[in-house]
């Protein structure tokens, strides 16, 4: 086994998706994930606390990018602040289409992974709300805008993943935001 490697995390992520698709999530052990990646279990646990978190490896990076985009957005109303954050997440997801398409059935097939996906979305909602509040928007308005914004992002992402790899997630997000505005009479 390789002791030091610069790409251990990404190797573990790829190995997890491959094995979860081949053998099933429940049937795959951390030992098997580490072995497939050419690493040790100890190395696995340096990167991930359990076998489900490997599927959510980029969550913190995306949450940080979401918050930073809102913080750095030009002065504007709550809609433009939320859109700036969502656009940044969509831009970062765009090159990961193939990876996320492969990940989708794994998450969809297991209640504990579905629960973890909902926890992720809830944490993004909190992050977005807090970032918008930090820009001077009252908490109630920010909470509503964040909840709607993350729900719209989720719908746009699901549509994008069901489509072709060359589809533009940012454009799909903008269409979904417009549709939400129509539904809400905005």
*What is the one condition in (1) touching a residue at least 60 places away in the same chain (Cβ under 8 Å); (2) more than 19 Å from the chain's Cα centre (by Cα) that residue 17 does not satisfy?*
(2)
*Here are some residues: 131, 151. Which one is more than 30 Å from residue 26 (Cβ to Cβ), surrounded by 14 or more Cβ atoms within 10 Å (Cβ to Cβ), modelled with pLDDT of 95 or more and touching a helix residue (DSSP H, G or I) at 6+ places or on another chain (Cβ under 9 Å)?*
131
*asked:* Cβ-Cβ distance below 6 Å, separation of 6 or more or different chains: which pairs start in segment 154-165 with a residue that is touching a residue at least 12 places away in the same chain (Cβ under 8 Å) and end on one that is surrounded by 15 or more Cβ atoms within 10 Å (Cβ to Cβ) and not in a helix (DSSP H, G or I)?
replied: none
*Quickly run through segment 33-54 and pick out the residues that are in contact with a helix residue (DSSP H, G or I) (Cβ under 6 Å, 6 or more places away or on another chain) and either in a helix (DSSP H, G or I) or free of Cβ contacts under 8 Å to residues at least 24 places away in the same chain (or both).*
33, 34, 36, 37, 41, 43, 44, 47, 54
*Based on what the data block shows, is residue 116 at pLDDT 95 or above and either in contact with a strand residue (DSSP E or B) (Cβ under 9 Å, 6 or more places away or on another chain) or under 19 Å from residue 55 (Cα atoms) (or both)?*
yes
*asked:* Of everything in segment 59-74, what is in contact (Cβ under 8 Å) with a residue 24 or more places away in the chain and outside any helix (DSSP H, G or I)? Give them in sequence order.
replied: 73
*asked:* For the list (1) surrounded by 15 or more Cβ atoms within 10 Å (Cβ to Cβ); (2) farther than 20 Å from residue 152 by Cα, I need the number of the one condition that residue 71 fails.
replied: (1)
*Residues that are over 30 Å from residue 22 (Cα atoms) and more than 14 Å from the chain's Cα centre (by Cα): find the helices (runs of 4 or more DSSP H) completely inside segment 84-186 holding 3 or more of those.*
111-134, 139-162, 169-184
_Out of 98, 145, I need the residue that is modelled with pLDDT of 95 or more and in the same structural domain as residue 160 (by TED's automatic domain parsing). Which one?_
145
*segment 16-29: number of residues that are assigned to a helix (DSSP H, G or I) and within 26 Å of residue 123 (Cα to Cα)*: 3
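The values are calculated or read from the model by the stated rules, or taken from the named source; none is laboratory data. This is a predicted model, so every value here is computed, not measured. Backbone-built Cβ (ideal geometry, glycine too); neighbour counts: all protein chains shown.
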